[in-house]
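None of the figures in this text is laboratory data; all of them are computed from the coordinates on show. This structure is a prediction, so every number in the text was calculated from the model and none was measured. With ideal geometry, Cβ positions are generated from the backbone for all residues, glycine too; neighbour counts draw on all protein chains shown.
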Amino acid sequence: MICLGIESTAHTFGAGMVEGKLRQHPSNSSFRIISDAKDVYKAPPGTGIHPREASRHHIETSASVIERALVRGKVSAEDVDFIAYSAGPGLGPCLRVGAVVARTLASYYNKPLVPTNHAVGHIELGKMLCGLIDPMVLVVSGGHTALAASQDESWKIFGETLDLTLGQLLDQLGRHLGLSSPAGPEIENLARGQDHNKMIDLPYTVKGNDVSYSGLLSAAKEAFASHVPKEDVCFSVQETAFSMLTEATERALAFTEKQELLVTGGVAANQRLGEMLETMCRERGVRIGLIPREFAGDCGAQIAAAGFLFFERGFTILPHKSYVRQSWRLDQV
Ligand code: AMP
Ligand code: MG
């Protein structure tokens, strides 16, 4: 069966397809990506994502992105078996574009329509690409910073951010430094090559097994205002923020005794975060899977992957009843 997945939660409009068999058992993923296409809304330097502008971008690019996904996969719209879309969590105006596009295609081609949770998409695609069965999952993106593991057909949270997500921390810092959003890759480049002699002291806040990044952001902005070079600010923010998460991840692994760790979401593309988590996992004898860089950020393939899981469990919806849920937590799925 072929699933077309449509992603539009924030800055990315994505369309991707996976092909596979419906699973007999939840642990035996048997699908593969047949295509993935996307177009990312870029905010002007020094500004953040504007939901209305991003949704306009999605309206303008949706047709060409979906066409590219179909052409690359050598599949016609009639051959698609069902259509999944990201129903949340995300920005309302952006989510609605994906929902309307998916609903229109489903009605026109008479295909089942599957509302899908975006975080489950990051996780299911990551599990499949990294060959993991039952991992502790660290989801680090624009919308999420959470440690989750599945139990009895649902996701339990073993730690999360109390305020900003890791992606928001980096993007808001980037905005302050005059970079364009999403700023993670540029911050990674600025931090590269710096060393620990240049490390500045920033708040390290782990409460229980949750992290808090708002004090770290304020302190980093103050440091920049008092003329600490931006390379040093970026380096220190990365080292501090990633160490906090590595500590929380190690504790979650110790508590659950999971033998696998999956790192997924846009910030999983960061090499330094990967190195820290790899070192910790090596010391604990835990197998780590870092989602490949090209599939770390938001994409249609993740929604197609999660779409399989939702479809198998009967989550289809009539097109005129399709919905979006701006705050659909992973542990409510
Ligand atoms: P997502 O919402 O999953 O698409 O993730 C987007 C977030 O990932 C944004 O906050 C980006 O700044 C961040 N991001 C993307 N690439 C990197 C990178 N190489 N290092 C750190 N953060 C990144
Ligand atoms: Mg995401």
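To the nearest ten degrees, helix 271-284 and the longest principal axis of the Cα atoms of the chain are 90 degrees apart.
Pairs of Lys residues in segment 134-295, spaced 8 or more positions apart or belonging to different chains, with C-alpha separations under 24 angstrom: 7 in total.
Dipole size of segment 1-137 about its Cα centre, with +1 on Lys/Arg Cβ and -1 on Asp/Glu Cβ: approximately 80 debye, rounded to the nearest 20. Taking a ≥ b ≥ c as the square roots of the Cα gyration tensor eigenvalues, segment 134-295 comes out prolate, since a/c reaches at least 1.5 and a/b is larger than b/c. Annotation: the residues His122, His227, sorted from fewest to most other C-beta atoms within 10 Å of their own C-beta, follow the order His227, His122.
Ranked by the mean number of other Cβ atoms within 10 Å of their residues, highest first, the peptides 171-178, 190-197, 11-18, 108-115 come out as 11-18, 171-178, 108-115, 190-197. For Met244, Met136, Met280, the sequence from fewest to most other C-beta atoms within 10 Å is Met280, Met244, Met136. Taking only the C-alpha atoms of the chain, the Rg (one decimal) and the largest Cα-Cα distance, Dmax (whole number), read 19.6, 62 Å.
How much of the DSSP bridge set in segment 134-295 is antiparallel, in percent, rounded to the nearest 5? Percentage antiparallel, nearest 5: 55.
With neighbours defined as other Cβ atoms within 10 Å of a residue's Cβ, the residues Val97, Val80, Val40 order from fewest to most as Val40, Val80, Val97.
Rounded to the nearest angstrom and listed largest first, the equivalent-ellipsoid semi-axes of segment 207-331 from its Cα gyration tensor are 32, 22, 15.
Checking the a/c ratio against 1.5 first, then a/b against b/c, what shape does the Cα gyration tensor give for segment 225-294? Prolate, since a/c reaches 1.5 and a/b exceeds b/c. For the chain, the longest principal axis of the C-alpha atoms and the axis of helix 51-73 are separated by about 60°.
Most simply put, the chain has about 60% antiparallel DSSP beta bridges, counting only bridges with both residues inside it. Rounded to the nearest 20 debye, the dipole size of segment 212-295 about its Cα centre is 140 debye, using +1 on the Cβ of Lys and Arg and -1 on the Cβ of Asp and Glu.
Using a/c under 1.5 as the rounded threshold, could you call segment 28-141 rounded, prolate or oblate? The axes a ≥ b ≥ c are square roots of the C-alpha gyration tensor eigenvalues, and prolate needs a/b larger than b/c, oblate otherwise. Because a/c hits 1.5 or more and a/b fails to exceed b/c, segment 28-141 counts as oblate.
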